[in-house]
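Have a look at the structure below, then the notes.
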Amino acid sequence: MSTYRIIVVVGSIRRESLNRKLADALIRLAPADFAFHHLRIDDLPLYNQDDEEQPTEAMQRVRREIAEADGLMIVTPEYNRSISGVLKNALDVGSRPYGHNAWEGKPAGIIGLSSGACGTAMAQQHLRNILAVLDVPTMAQPEAFIGYYDGLFDEEGDIGPKSRDFLQGWMNRFAAWVKLHAKPRTA
């Protein structure tokens, strides 16, 4: 059976992050031939070009895990109408040094959850601009700007009935996008 290794990048490092909860619920909607791994980004030093010659173990680990992935699921909150600093830092670390962009060619899906009425629309638009320059083929539709409401998650942490069909549809399109752009691994 072929498997697709997907790196999950959550743009929030808060313990009770709703975006991490969304990522975990989406993973449970994925096809059986998809394996997910959360990329740890909270231990990365701030990107500094001076560190490229001697990257920290955390920087090396992040680059290695990205390089080994078949695709990316990026789940981002919106901070001040943009992405979080920790997510931008991870994107910078993974794209350097020049000529060694670990993100390049990895098919991605973007989704996000916010308490605001616009969901994460501005953050996702900024993220699309960054991913374009990193040469990451990013799924365009369906866009998913999720506004938090009571009942979004059920008691087990799964997607509640009101949003389940939409988010299952998003996951189905994401899986198809990855399969279109990535080479499967043999388990």
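What follows is calculated from the coordinates using simple rules that are stated; it is not laboratory data. As the structure is a prediction and not an experimental result, all values here were calculated from the model. All Cβ positions, even for glycine, are placed from backbone atoms using ideal geometry, and neighbour counts span all protein chains on display.
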Which of the lysines could be linked to Lys183 by a straight reach, that is with a Cα gap under 30 Å, when you skip same-chain ones fewer than 8 residues away? Lys21, Lys88, Lys106
Taking neighbour Cβ counts within 10 Å as the exposure measure, how do Leu134, Leu127 sort from fewest upward? Leu134, Leu127
Run through the DSSP bridge list for the range 2-186 and note the antiparallel percent, rounded to the nearest 5. 20 percent
Simple SL model, points at 7 angstrom along Cα→Cβ for Ser2 and Lys162; separation in nm is 3.9 nm
What ranking, highest mean first, results for peptides 158-166, 16-24, 102-110 when packing means the other Cβ atoms within 10 Å averaged over each residue? 102-110, 16-24, 158-166
Okay, helix-only estimate at 222 nm for the chain: each DSSP H run of n ≥ 4 adds -39500 (n - 2.57), divide by all residues, round to 500 deg cm²/dmol; what do you get? -11000 deg cm²/dmol
Tell me, what is the percent relative contact order of the chain, built from C-alpha pairs under 8 Å that lie six or more residues apart? 27 percent
Dipole magnitude of the range 44-149, debye to nearest 20 (Cβ charges: Lys/Arg +1, Asp/Glu -1, about Cα centre): 340 debye
From the phi of every residue in the range 63-68, what ³J(HN,Hα) in whole Hz does the Karplus formula 6.51 cos²θ - 1.76 cosθ + 1.60 yield, where θ is phi - 60° and glycine or proline is x? 4, 5, 5, 5, 4, 7
Can you work out ³J(HN,Hα) from phi for every residue in the range 112-119, in order, using Karplus 6.51 cos²θ - 1.76 cosθ + 1.60 and θ = phi - 60°, giving whole Hz and x for Gly and Pro? x, 10, 8, 7, x, 5, 8, x
Ordered by fewest other Cβ atoms within 10 Å, a rough proxy for footprinting exposure, Thr76, Thr138, Thr120, Thr56 read Thr56, Thr138, Thr76, Thr120
